[in-house]
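The values are calculated or read from the model by the stated rules, or taken from the named source; none is laboratory data. Because the structure is predicted, anything quoted here is derived from the model rather than measured. Every residue, glycine among them, receives a Cβ derived from its backbone with ideal geometry; neighbour counts consider all protein chains shown. The accessibility values were calculated without ligands, DNA or RNA, using every heavy atom of the protein model including side chains. Shrake-Rupley method; radii C 1.70, N 1.55, O 1.52, S 1.80 Å.
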2 protein chains.
Amino acid sequence: MAKTELATRRPAAAPAPADTDEKVLLAAGKLFREKGFAATTVREIAAAAQMLPGSLHYRYASKDDILVALMRRGVERAIRAVELATAGEPSAIERLRLGLRAHLELLCNGDDSLYVLLFDWRSLTSGALSGVIRERERLEAFWEGLLVEAHGSGVARPLLDIELVRHFGFGAINWVATWYREGDGRTPAQIADAFWSFLAFGLLHESARPPDLDTHFAALLAASFKKGS
Amino acid sequence: MAKTELATRRPAAAPAPADTDEKVLLAAGKLFREKGFAATTVREIAAAAQMLPGSLHYRYASKDDILVALMRRGVERAIRAVELATAGEPSAIERLRLGLRAHLELLCNGDDSLYVLLFDWRSLTSGALSGVIRERERLEAFWEGLLVEAHGSGVARPLLDIELVRHFGFGAINWVATWYREGDGRTPAQIADAFWSFLAFGLLHESARPPDLDTHFAALLAASFKKGS
DNA sequence: AGCTAATTTGGTCGAATGGCCAAGACCGAG
DNA sequence: CTCGGTCTTGGCCATTCGACCAAATTAGCT
């Protein structure tokens, strides 16, 4: 399209290379989510992006490249969405709740790159694997930071294996993508808030709570701390 | 098929047809878990099961049939393992804890059929889909039963959306399969118990608990109850 | 306008896939 | 020993895959 003039100095003859790339990743994400990476053909991606297979090859040398680009985008978007949602919130605990919301909304209503990143993990070949692993670790470290801050704010139980907590919450939230269907009465934000209340306060009634609960937690932790290797 | 007259009347000349089928499903499960269904070839399965592609075709007419058989087996094993682990336990809450343990142990250390059932869902073609959906609903209904019993025993909060709780716990537990590696210091049983304590008692300290907590839960529930369709 | 490089076109290529089968091997029954 | 079925063999086939390319086209630049 237009908007050339000064400013955006395009390489040469590009209608809108950025937008075209966007269209490819959008189409690829949709197909990967529906059928999985291996079951999707490059021809399908090209058709869905309204171009011929050769044109697709010009932009991405291989199918793997598309997957890697999509996953990078997924990490980027996930971090950005949560950063945006939590910015300006002073309470670390409340940041966590808002972050969960944002993550789940992106996963359910956003584009499919985050879903592919989370669920099409095995499709990465060893060559591309290392690059995406680093990206994915950025996402994990980002959440770890949110959790450490929240834990440090004092309202959480004193002895918690943060890594285990992260896996716990990440699993519960991400699994929503496997059963959520739009318009079944629950919005992603409602689900996230309900999950947050489960996470924060537990499912049992106060009367069932043992008096030595934190000692109990500590004992569980002791076991997971002795991870040798 | 076999099993006619009395006892183990073999059809004719079978070394051990049941064991051979077992070997196929074991090999297929391993490969499907490692690379996914679509990325696995029938030749690989045959080779891993120490037979030629033609022999595999004799037992399973199509690759889809193998997947369906494997998933059926996964449901069967998952239900059986949890039933076995919870049998004889009088406390419904304790049954839940033991069930989580058994489920996670099967998922981490058991054969791969449960993993494939849970994570290779999209690979099912529409033809085979309906049959496996019914099986999978059996598994969900089974857990729903455990949860309803536990909820009815009185120690849980009064107002809980059981379906949401099931999705929550199922996600957290199943996600373990994506990061668990044998010998990193945590056994599946330890992880299950830690997750159980998170689930039961929550992550926040008692002092952070609002006095009107159950009203808070009720409000969350009100939203998820008005699901129209 | 003319030049030049970016981009698209429409198709080809060898390799690999899932499904299939005719022939034979095997083994208990009679 | 011979029969009759189950099961295995090893390869074949049509199809489709990802990758690739030379030629044509486009559009910004001087």
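What is the residue count in region B:54-105 for residues that are within 16 Å of DNA strand D (Cβ to nearest atom) and either in contact with a Pro (Cβ under 9 Å, 6 or more places away or on another chain) or hydroxyl-bearing (Ser, Thr, Tyr) (or both)?
5
Scan B:69, B:38 and give me the residue that is within 19 Å of the chain's Cα centre (by Cα) and closer than 30 Å to residue A:116 by Cβ.
B:69
List pairs: first in region B:135-158 and over 24 Å from residue B:74 (Cβ atoms) and at pLDDT below 95, second open to solvent by 50 Å² or more (accessible area, probe 1.4 Å) and assigned to a helix (DSSP H, G or I), Cβ under 8 Å, 6+ apart or cross-chain?
B:155/A:207
Take the residues in region A:28-87 that are among the charged types (D, E, K, R), within 14 Å of chain B (Cβ to nearest Cβ) and free of Cβ contacts under 8 Å to residues at least 40 places away in the same chain, then tell me which one is farthest from residue A:139 (Cα to Cα).
A:44
Of the residues A:29, A:54, which is of a type outside the set (S, T, N, Q), at pLDDT 95 or above and outside the structural domain of residue A:111 (by TED's automatic domain parsing)?
Exactly one residue qualifies, and that residue is A:29.
Which residues, taken from region B:144-166, are more than 9 Å from chain A (Cβ to nearest Cβ) and either outside any helix (DSSP H, G or I) or not small (Gly, Ala, Ser) (or both)?
Passing the criteria: B:144, B:146, B:147, B:148, B:149, B:153, B:159, B:162, B:163, B:166.
Only one of these conditions is not met by residue A:88: (1) at negative phi; (2) modelled with pLDDT under 95; (3) open to solvent by 70 Å² or more (accessible area, probe 1.4 Å). Which number is it?
(1)
State all residues of region A:17-44 that are open to solvent by less than 60 Å² (accessible area, probe 1.4 Å) and under 24 Å from residue B:129 (Cα atoms); if no residue qualifies, say none.
Listed by number, the residues that qualify are A:28, A:29, A:31, A:32, A:33, A:36, A:37, A:38, A:39, A:40.
From the list A:126, A:113, which one is closer than 30 Å to residue B:30 by Cα and modelled with pLDDT under 95?
Criteria check complete, one pass: A:126.
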